[in-house]
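Visitor: Starting off with a structure, shown below.
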Amino acid sequence: MATINETQDELIEEFGLFEDWADKYEYLIDLGKKLSPMNDAFKTEENVIKGCQSKVWLHAEKQGDQVVFFADSEAIIVKGMISMLIRVLSNHTAAEIMQADLYFIDQIGMSQHLAQTRSNGLVAMVKQMKNYAIAFHAIA
Amino acid sequence: MVDKFDIEQIRKDFPILDQQVNGAPLVYFDNAATTQKPQMVIDALNHYYTHDNANIHRGLHTLAERATTGYELTRKKLKDFLNSESTDQIIFTSGTTAGINLVAQTYGRANFSKGDVILVSNLEHHSNIVPWQMIAEETGAKVQVIPVDDTGVLDLSAYKALLTPHVKLVAVNHVSNSIGTINPIELMIDLAHEIGAKVLIDGAQSVAHFEIDVQALDIDFLVFSAHKLFGPTGVGVLYGKRELLEAMPPYQGGGEMIKEVSFSGTTYNELPYKFEAGTPNIADVYAFGFALDYLKSLPKNAVWEQEKALLDYATEQLSQIDGLRIVGQAPEKIAVVSFVIDGVHPQDIGVLLDKFGVAIRTGHHCAQPLMARYELVGTCRASFAFYNTKSEIDLFVKALKRTIMMLS
Ligand SMILES: Cc1ncc(COP(=O)(O)O)c(C=O)c1O
């Protein structure tokens, strides 16, 4: 299993292959479409993060000593972002997730989607992923 | 006065339009959110701070005199622009929202009581809903809603039925920001007056598109924002009938709004200063006057025709796109097209169009009750101004088709 930073570096390399923004976004949209569907049972009011324009659902659970995330969104580009965040952070220990520095978003040129603080719920989602890790860490 | 509508020249008057965004020429179709500013307005701001800046109304020195004259000149221009009875009835605020809150907190607090009704429409911006809900909660009044039909037109027979003697105020927009419907405010005002209710018109979306004569329309209160009228941000206007404004208690207390202050009691200044506590936004008010001059210099009919042509062309072009549905098909509309696309979230459209240099607005447009009425999470909204062109619509439609292809 790759470390958090190894996965981030992989993503940076993948995005490095694209010539222009359209290719990047087509890839992101594709990632969004392929995101494993979230069990409807997890799409509860407690799991929803309301952006001003679109919603994100996030659920986390502990499997062994690892934290596993499940998430979904109404918007496909946000789903693509979610897919990458899950690929980077899911299946790591709570301690690893808490300490993770998510530098890949900036490096692949997608920080715009985290800058739109209120519109899409992504910033709150990243924070919530960390909060889950903190909570799991505390009870471990 | 230019007698011909010279689009090339007009676009040059708005320097911001000439730029590349994400490697493509900017197509600015978010005019309902805010309009761009002509060079005259930008120059006026610069001139004010370079030559005239001082605090107004109190100083005796030359700069204070110049600043005061500049500030008050805009009030005079607004008197003409709205055909107000006097300059005293033009109150500067920070925007539409501030004007509505002022009326709610002063007129509303003094006049609403338990059982009274404030009528708003289903088309309103949150700014023309929430201040009424707040004052209703405090006073025991109720907010009731004029319904809208599937095409985006207000249901006038329902409106008539809602106009009971309990109605104290009707607060409606002249034009809907999210779908562009032009409401028949003349008729709505007459009907409200027949039962003794007052009317507040939210003109945020209409002042940029057509002239409003407050006397001819018999408007009790009118509010709008300078920034949607080619002027600076941070300035708004509240017009009110004199007897209403005079009877209203002041809003905020402070400097400017007083006549005499002592610890045994304070007397308030006259209109309009009673409602302009503290140092106002002098520079932006001054520059706003130049936006009004600019508008006056344009041939009115040509502006309206240009916008109408843009609306018709955009509607026709967009209607040809598979799976696209226009939300809001009122026969009387300003140049705004709100639309949704089957199976695609508006936010995704907005993000990708931006990459093509096209600026539109997506989301609920601060009109969640209207989105709920149409069972939508939001729409994509392209809103035009007279400086936009058909070739920009072509760029937009081309980018939109590519966007849809990328997303499906
Ligand atoms: C119809 C309408 N009312 C009120 C407002 C609020 O205006 P402001 O934010 O300038 O106060 C807007 C702005 O979007 C609007 O379109």
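Visitor: Given the criterion touching a Leu at 6+ places or on another chain (Cβ under 9 Å) and of a type in the set (K, R), identify the matching residue among B:K296, B:K333, B:K355.
Guide: B:K333
Visitor: Right, something else. Taking B:E375 and the conditions (1) on the phi > 0 side of the Ramachandran plot; (2) modelled with pLDDT of 95 or more; (3) open to solvent by less than 70 Å² (accessible area, probe 1.4 Å), which numbered condition does it fall short on, given that it satisfies the others?
Guide: B:E375 satisfies every listed condition except (3).
Visitor: Suppose we filter A:I108, A:I97 for residues that are at pLDDT below 95 and away from chain B (no Cβ under 14 Å); which single one remains?
Guide: A:I108
Visitor: Then there's this: Do the conditions hold for B:A171, that is, is it away from chain A (no Cβ under 14 Å) and within 11 Å of the ligand (Cβ to nearest atom)?
Guide: Judged against the criteria, B:A171 is a match.
Visitor: While we're on this one: Does any residue of the range B:106-114 turn out to be away from the ligand (no atom under 16 Å from the Cβ) and farther than 20 Å from B:Q252 by Cα?
Guide: yes
Visitor: A further question on this structure: I need every pair where a residue in the range B:383-408 that is within 21 Å of B:Q205 (Cα to Cα) has its Cβ under 7 Å from the Cβ of a residue that is among the basic types (K, R), sequence separation at least 6 or different chains.
Guide: B:Y387/B:R11
Visitor: Please determine whether any residue of the range B:228-236 is closer than 30 Å to B:Y28 by Cβ and at pLDDT below 95.
Guide: Within the range B:228-236 (the criterion being closer than 30 Å to B:Y28 by Cβ and at pLDDT below 95), the answer is no, since none of the residues qualifies.
Visitor: Given the options B:T139, B:T97, B:T87, name the one that is open to solvent by 50 Å² or more (accessible area, probe 1.4 Å), of a type in the set (S, T, Y) and at pLDDT 95 or above.
Guide: B:T97
Visitor: For A:A75, only one of the following conditions fails: (1) out of contact with any Ser or Thr (no Cβ under 7 Å at 6 or more places or on another chain); (2) under 22 Å from A:N120 (Cα atoms); (3) within 14 Å of another protein chain (Cβ to nearest Cβ). What is its number?
Guide: (1)
Visitor: For the range B:123-135, name all the residues that are away from the ligand (no atom under 13 Å from the Cβ) and either at positive phi or surrounded by fewer than 20 Cβ atoms within 10 Å (Cβ to Cβ) (or both).
Guide: B:Q133, B:M134
Visitor: Hey, another quick one. Among the residues of the range B:29-75 satisfying the criterion of being within 16 Å of the ligand (Cβ to nearest atom) and either open to solvent by 30 Å² or more (accessible area, probe 1.4 Å) or among the polar types (S, T, N, Q) (or both), which is nearest to the other protein chains (Cβ to nearest Cβ)?
Guide: Once the filter is applied, the top-ranked residue is B:T34.
Visitor: Any chance you could count how many residues in the range B:144-163 are within 16 Å of the ligand (Cβ to nearest atom) and open to solvent by less than 50 Å² (accessible area, probe 1.4 Å)?
Guide: Going through the range B:144-163 one residue at a time, the tally reaches 4.
Visitor: Moving on to the next point. Mind listing whichever residues of the range B:381-395 are crowded, with 20+ Cβ neighbours inside 10 Å, more than 16 Å from the ligand (Cβ to nearest atom) and under 27 Å from A:I29 (Cα atoms)?
Guide: B:E392, B:I393 - these are the residues of the range B:381-395 that are crowded, with 20+ Cβ neighbours inside 10 Å, more than 16 Å from the ligand (Cβ to nearest atom) and under 27 Å from A:I29 (Cα atoms).
Visitor: Does the range B:80-101 contain at least one residue that is aliphatic (A, V, I, L, M), touching a strand residue (DSSP E or B) at 6+ places or on another chain (Cβ under 7 Å), in contact (Cβ under 8 Å) with a residue 60 or more places away in the chain and away from the ligand (no atom under 16 Å from the Cβ)?
Guide: Yes; the residues of the range B:80-101 include at least one that is aliphatic (A, V, I, L, M), touching a strand residue (DSSP E or B) at 6+ places or on another chain (Cβ under 7 Å), in contact (Cβ under 8 Å) with a residue 60 or more places away in the chain and away from the ligand (no atom under 16 Å from the Cβ).
Visitor: Sticking with this structure for a sec: If you take the residues of the range B:351-369 that are open to solvent by less than 20 Å² (accessible area, probe 1.4 Å) and more than 7 Å from every other protein chain (Cβ to nearest Cβ), which of them is farthest from B:K390 (Cα to Cα)?
Guide: B:A367
Visitor: Tell me, which strands (runs of 3 or more DSSP E) lie completely within the range B:174-291 with 2 or more residues that are within 16 Å of the ligand (Cβ to nearest atom) and surrounded by 20 or more Cβ atoms within 10 Å (Cβ to Cβ)?
Guide: Those strands (runs of 3 or more DSSP E) span B:198-202, B:221-225, B:236-240.
Each row is one residue, and each column tells you yes or no for (1) in contact (Cβ under 8 Å) with a residue 24 or more places away in the chain; (2) of a type in the set (A, V, I, L, M, F, W, C).
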site: B:D155; (1), (2): no, no
site: B:Y159; (1), (2): yes, no
site: B:V167; (1), (2): yes, yes
site: B:M188; (1), (2): yes, yes
site: B:A216; (1), (2): yes, yes
site: B:D220; (1), (2): yes, no
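Visitor: Something else: For the range A:62-102, give me the residue count where each residue is of a type in the set (A, V, I, L, M), under 12 Å from the mean Cα position of the chain (by Cα) and open to solvent by 10 Å² or more (accessible area, probe 1.4 Å).
Guide: Number of matching residues: 3.
Visitor: Still on this structure, I have one more. Enumerate the strands (runs of 3 or more DSSP E) found wholly within the range B:310-381, keeping only those where 3 or more residues are touching a Cys at 6+ places or on another chain (Cβ under 8 Å) and not aliphatic (A, V, I, L, M).
Guide: The strands (runs of 3 or more DSSP E) meeting that bar are B:361-363.
The values are calculated or read from the model by the stated rules, or taken from the named source; none is laboratory data. Since we're looking at a predicted model, the values are computed, not measured. Quick reminder, even Gly has a Cβ in these numbers, built from the backbone with ideal geometry, and neighbours come from all protein chains shown. Please note that ligands, DNA and RNA were not included when accessible areas were found on the heavy atoms of the full protein model with its side chains. Shrake-Rupley method; radii C 1.70, N 1.55, O 1.52, S 1.80 Å.
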